[in-house]
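The values are calculated or read from the model by the stated rules, or taken from the named source; none is laboratory data. Source: prediction; values computed, not measured. In this analysis, Cβ positions are derived from the backbone assuming ideal geometry, glycine residues included, and neighbour counts consider all displayed protein chains. Only protein heavy atoms, including side chains, enter the accessible area calculation; ligands, DNA and RNA are left aside. Shrake-Rupley method; radii C 1.70, N 1.55, O 1.52, S 1.80 Å.
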Amino acid sequence: MAGNMKVLNALDSAKTQWYHFTAIIIAGMGFFTDAYDLFCISLVTKLLGRIYYHVDGSSKPGSLPPNVSAAINGVAFCGTIAGQLFFGWIGDKIGRKKVYGITLMIMSICSIASGLSFGRDPKTVMATLCFFRFWLGFGIGGDYPLSATIMSEYANKKTRGAFIAAVFAMQGFGILGGGIFAIIISAVYQACFKAPTYQVDPLGSTIPQADYVWRIILMAGSFPALLTYYWRMKMPETARYTALVAKNVKQATADMEKVMQVDIGTDQKEPVVSAVKSSNEFGLFTKQFLRRHGLHLLGTASTWFLLDIAYYSQNLFQKDIFSAIGWIPAAKTMNAIEEVQKIARAQTLIALCSTVPGYWFTVFLIDRIGRFTIQLIGFTMMTVFMFALAIPYHHWTLPGHHIGFVVLYSLTFFFANFGPNTTTFVVPAEIFPARLRSTCHGISAACGKLGAMVGAFGFLYLAQPQDKTKADAGYPAGIGVRNSLIVLGIVNLLGLFFTFLVPESKGKSLEEMSRENEDSTEEGAEVENHSSDNRTVPV
């Protein structure tokens, strides 16, 4: 049984070694690219509007039509959902390592291709941009279940949470890196190509060279990930997959002896392939799975769904919120490149002061206070701060009160990352059986990105002013930023309640959480007495 395999016991009790940090860097650079690519689009959407949708005689700079803006922001999420489900399933079917390099290449190639979207006609450029961002999302989606599962199966039980969280925390550096890079590029173009503000010269405020700015920003995120491709391909298959799914304990032992540089040893009587069909080997669509893990999957999927509604709507549209409260100047008082710089500066400040610290607080504390506690604290504080922003919203829009708004807004990001944004990624990689671990993580993550789509599309319309004459061009009247923030507060509160469906996995082995190490006395020697229900082929 799994609990008696020396190689798994050795992994659980292994001291932190260099190969752990190597695995974090290899997996983490994929998440650097993931976050960079998903969030950098918010830095350039206003620039795209100025370049391709300028209206002569308009008092405001051009902006993306609602359907185009929704497509650009949401199409990557559609691809991400497809990638999470497909690569999650295929990672359990043929192994994590065999497809791990493929996701990285898809991300890198499509990231570069997004910046090369051809044609100067708006429809052509937007169509090709959406096409490549869909497949970019497909690669990003695959990285979620594979990276989480690989890291959880490599780690020891004492520091497993911190290692998985550290991989995910690279998202923070991806968001930060995107903002810093956008500031640098826009500063260079500002220095080289002077331009008046929109209210002085509407046409001249957007220099022809601005078309290169958004392309360079979109392409740059692919290069850090490409640097780790070779090491991804050199990683062996995880011992847990090889031993528990492929049932080759001898190979699993050899692989781990090589990476851990120790002599694990294995009982020569231990079979290479299990001869007895265990009653634990149920598939995804079975009563046994529903009984053991049904509520767990509901818990991981629902909390990730609810978290991402709030998290992505805040992240993708913080530029609109900052503009609404006056922290970013009115668009007509800036030229196109200056607006990119101001938006990037605001988002970088939020990432530096709250997003990145929140991730790393989780890394340092997750194996001390537990996943459940951190997720509960996170959802609770996000709810509190969201209502603190929404209820006295008019107060925050008055001159002199912007700093207070930004501080509270930053704290919602801090507690999202020191909270459910990280734990919803960690827990699904720990509580399901090895043969279904990647699939269940992919399902949970796909529900999260479904929530991100709700946030991305919904907030775009909801946050419009209730007075239609004040809404952005092409948008119907919404419920306003204040009421939108109240809705997000209610969403966070629901996430708090669904957290109680998620079990605590701190300090426990993966086999203990999934119950793969249960003694075989129940199924034992009476193999022929097994019912047909227990012969379900794993999905």
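Using heavy atoms of the protein chains and a probe of 1.4 Å, the accessible area assigned to Lys250 is about 140 Å². Treating only the Cα positions of the stretch 160-226 as identical point scatterers, give the base-10 log of I(q)/I(0) from the Debye formula at each q in 0.12, 0.13, 0.16, 0.21 Å⁻¹. The Debye formula, applied to the Cα set alone, gives -0.47, -0.52, -0.67, -0.91. Of the whole protein surface, Ser58 contributes about 40 Å² of accessible area at a 1.4 Å probe radius. May I ask you to derive the FRET efficiency for Leu398 and Asn9 from their Cβ-Cβ distance with R0 = 60 Å, giving the value to the nearest 0.05? Result of the calculation: an efficiency of 0.45. For the chain, hydrophobic long helices are taken as DSSP H runs at least 27 Å long by C-alpha position along their axis with mean Kyte-Doolittle hydropathy of 0.5 or more; these are 18-52, 66-93, 96-115, 122-154, 160-192, 371-390, 434-462, 480-498. One Cα centroid belongs to the stretch 132-203, the other to the stretch 425-460; the line between them spans 19 Å. The accessible-area ordering, largest first, of the residues Trp18, Trp231 stands as Trp18, Trp231, per a 1.4 angstrom probe. Counting only DSSP H runs of at least 4 residues, each contributing -39500 (n - 2.57), and dividing by the residue count of the chain, the helix-based mean residue ellipticity at 222 nm comes to -22500 deg cm²/dmol.
Taking Glu512, Glu504, Glu339 and ordering them by how much accessible surface each has at a 1.4 Å probe, largest first, produces Glu512, Glu504, Glu339. Amide H to amide H, with H built 1.01 Å from N, Gln464 comes under 5 Å of Gly478, Ile479, Gly480, counting only residues 5 or more places away or on other chains.
Going by accessible surface with a 1.4 Å probe and the largest first, Val259, Val125 read Val259, Val125. Can you work out the PRE-style zone for Lys332? Point 7 Å along Cα to Cβ, and I want the residues of the stretch 36-57 with backbone N under 14 Å. Answer for this model: 55-57. Its residue count N sets the reference 2.2 N^0.38 Å, and the alpha-carbon radius of gyration of the stretch 1-126 equals 1.55 times that reference. Overall, the chain carries a charge dipole of about 740 debye about its Cα centre when +1 sits on the Cβ of Lys and Arg and -1 on the Cβ of Asp and Glu, all other atoms neutral.
Taking amide H as placed 1.01 Å from N in the peptide plane, the amide H of Asn248 sits under 5 Å from that of Ala243, each at least 5 places away or on another chain.
In the assembled protein chains, Glu237 presents an accessible area of approximately 30 Å² (probe radius 1.4 Å). Contact order, relative form, for the chain: 25 percent (alpha carbon pairs under 8 Å, 6 or more residues apart, mean separation divided by residue count).
Of the trypsin sites (Lys or Arg not before Pro) in the stretch 9-87, the ones in a loop by DSSP (not H, G, I, E or B) with at most 10 other beta carbons within 10 Å are Lys15.
Can you work out the base-10 log of I(q)/I(0) for the chain at q = 0.11, 0.13 1/Å, using the Debye formula on its C-alpha atoms alone? For the chain at q = 0.11, 0.13 Å⁻¹, log10 I(q)/I(0) is -0.92, -1.22. From the Kirkwood radius over Cα pairs of the stretch 398-472, Stokes-Einstein at 10 °C and 1.306 mPa s returns a whole-number translational diffusion coefficient of 102 µm²/s. Given their separation in residues at 0.36 nm each and the Cα-Cα distance between them, Ala254 and Tyr230 gain 6.5 nm when the chain is fully extended.
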